[in-house]
Amino acid sequence: MQIKKATRESTHLIISLTGPSGSGKTKSALRLAEGLGEKIGFIDTESGRSGLYADEHNFDVLELESPFTPDRYIEALRKFEDAGYDVVIIDSASHEWEGIGGVLDFADSQKSSKGKPLQGLLKWKEPKSRHKKFVSELLRTRMHVIVCLRAKPVFEQRKGADGRDEIVMVGYKEIAESSFIYEMTVSAMLSNEAGRQGFPSMTKCPGALVSAFPSNAPINENTGREIAAWLGKIARDPELELLHRTAGDEAESGTEALQEFWGTLTKKQQLKLKPSMEGFKAKAREADAQPEDESVSNANLEDPFNQSVAAD
């Protein structure tokens, strides 16, 4: 843990665009992306529907078919990251939650060693863990990510004018894990009303960016340009990004795997990664298969990562 002076640094954004059918999520995402960056990737889970916009917008597509597991979303994101893309659109991330092979589907398929369906919290342990890895990937990447989410109507029981109970629709809610929106930098609900398709209603937005999302106009390229100007140019270090990603993956397998990875790095790479190693070591300790095994002490955890980067 280290206390330091707070500074404003350029970073990537995670933006969610939610809306029912006809709200213009895909079109809005593409226009926003063109203002944010030059090299645009598109993860298409909607049976190639992104191709409908290929004549109007310049982007590269990866068609993701079922099963829509969190791991496959992560793999798709990493393909674009490795190829140096500035912005990636995911349309739609709702499949990761309730699509074929998604988190809900996987949770319902969990069985005990005796083949009986798991119930309650037991069935959620592994699916939730996989979903957290997907969210962590969104937070870790240095690309801007625009996440399109399907919306479902929300109903309430109310008293009607005649005093009788009636069911009325009161709005829409994103199809995603309940806390998913909290991980977004910006979130908007798009209208599907005639003449107002793509008009945003902001549910989360930094104050400095509110003006980029006027409620009386659809999201467009200028929205992206205003955000990009506020952020400043993102400094990319592909080698460091790959080191962080690999260290995180190895940490999920435990301390031994992380130490082995550390030993394969050059001194220059170790110096690059060292400022972040405390977090990776903590992650590795949590992932150790048998936490009660005290064969590796806290002191031993630190030595392998420090001794080889001592000053020459």
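The values are calculated or read from the model by the stated rules, or taken from the named source; none is laboratory data. On a predicted model such as this, the values are computed, not experimentally measured, just so you know. Counting neighbours? That spans all protein chains shown, and the Cβs are built from the backbone with ideal geometry, glycine included. Surface areas here come from the heavy atoms of the whole protein model, side chains and all, with no ligands, DNA or RNA. Shrake-Rupley method; radii C 1.70, N 1.55, O 1.52, S 1.80 Å.
Identify all residues within segment 210-252 that are hydroxyl-bearing (S, T, Y) and assigned to a loop (DSSP other than H, G, I, E, B); write none if there are none.
Result: S215, single match.
Within segment 58-105, can you find the residues that are outside any helix (DSSP H, G or I), aliphatic (A, V, I, L, M) and buried (at least 19 other Cβ atoms within 10 Å of the Cβ)?
Correct list: L64, V87, V88, I89, I90, A93.
Give G198, G224 a once-over and let me know the one that is touching a residue at least 60 places away in the same chain (Cβ under 8 Å), in contact with a Pro (Cβ under 7 Å, 6 or more places away or on another chain) and of a type outside the set (F, W, Y).
Among G198, G224, only G198 is touching a residue at least 60 places away in the same chain (Cβ under 8 Å), in contact with a Pro (Cβ under 7 Å, 6 or more places away or on another chain) and of a type outside the set (F, W, Y).
Going through K114, K123 one at a time, which residue ends up being out of contact with any Cys (no Cβ under 7 Å at 6 or more places or on another chain), farther than 28 Å from R245 by Cβ and assigned to a loop (DSSP other than H, G, I, E, B)?
None of the others qualify; the one that does is K114.
For segment 7-56, how many residues meet the condition of being in contact with an Asp or Glu (Cβ under 6 Å, 6 or more places away or on another chain), on the phi > 0 side of the Ramachandran plot and among the polar types (S, T, N, Q)?
0
Taking segment 28-54, which residues are of a type outside the set (G, A, S) and closer than 19 Å to H95 by Cα?
If the condition is that a residue be of a type outside the set (G, A, S) and closer than 19 Å to H95 by Cα, then F42, I43, D44, T45, E46, R49 are the ones that fit.
Sort through R142, R130, R150 and tell me the only one that's open to solvent by 50 Å² or more (accessible area, probe 1.4 Å), in contact (Cβ under 8 Å) with a residue 24 or more places away in the chain, basic (K, R) and in a loop (DSSP other than H, G, I, E, B).
R142
Any residue in segment 163-174 that is surrounded by 11 or more Cβ atoms within 10 Å (Cβ to Cβ) and touching a helix residue (DSSP H, G or I) at 6+ places or on another chain (Cβ under 6 Å)?
No, segment 163-174 contains no residue that is surrounded by 11 or more Cβ atoms within 10 Å (Cβ to Cβ) and touching a helix residue (DSSP H, G or I) at 6+ places or on another chain (Cβ under 6 Å).
Would you be able to say whether some residue in segment 21-43 is within 23 Å of E241 (Cβ to Cβ), in contact with a helix residue (DSSP H, G or I) (Cβ under 9 Å, 6 or more places away or on another chain), charged (D, E, K, R) and surrounded by 17 or more Cβ atoms within 10 Å (Cβ to Cβ)?
Checked segment 21-43: no residue is within 23 Å of E241 (Cβ to Cβ), in contact with a helix residue (DSSP H, G or I) (Cβ under 9 Å, 6 or more places away or on another chain), charged (D, E, K, R) and surrounded by 17 or more Cβ atoms within 10 Å (Cβ to Cβ).
For segment 174-195, how many residues meet the condition of being in contact (Cβ under 8 Å) with a residue 40 or more places away in the chain and under 17 Å from S21 (Cα atoms)?
So the count comes out to 8.
Would you point out the residue of segment 190-209, among those that are open to solvent by 40 Å² or more (accessible area, probe 1.4 Å) and part of a strand (DSSP E or B), that is nearest to V145 (Cα to Cα)?
K204
Within the group K128, K132, K159, which residue is out of contact with any helix residue (DSSP H, G or I) (no Cβ under 9 Å at 6 or more places or on another chain) and of a type in the set (K, R)?
Sole residue among the options that is out of contact with any helix residue (DSSP H, G or I) (no Cβ under 9 Å at 6 or more places or on another chain) and of a type in the set (K, R): K159.
Within segment 180-218, track down each residue that is among the polar types (S, T, N, Q) and within 21 Å of D91 (Cβ to Cβ).
Within segment 180-218, T185, S187, S191, N192, Q197, S201, T203 meet the criteria.
Under the condition of being closer than 17 Å to G279 by Cβ and among the charged types (D, E, K, R), which residue from segment 218-267 is surrounded by the most Cβ atoms within 10 Å (Cβ to Cβ)?
E250
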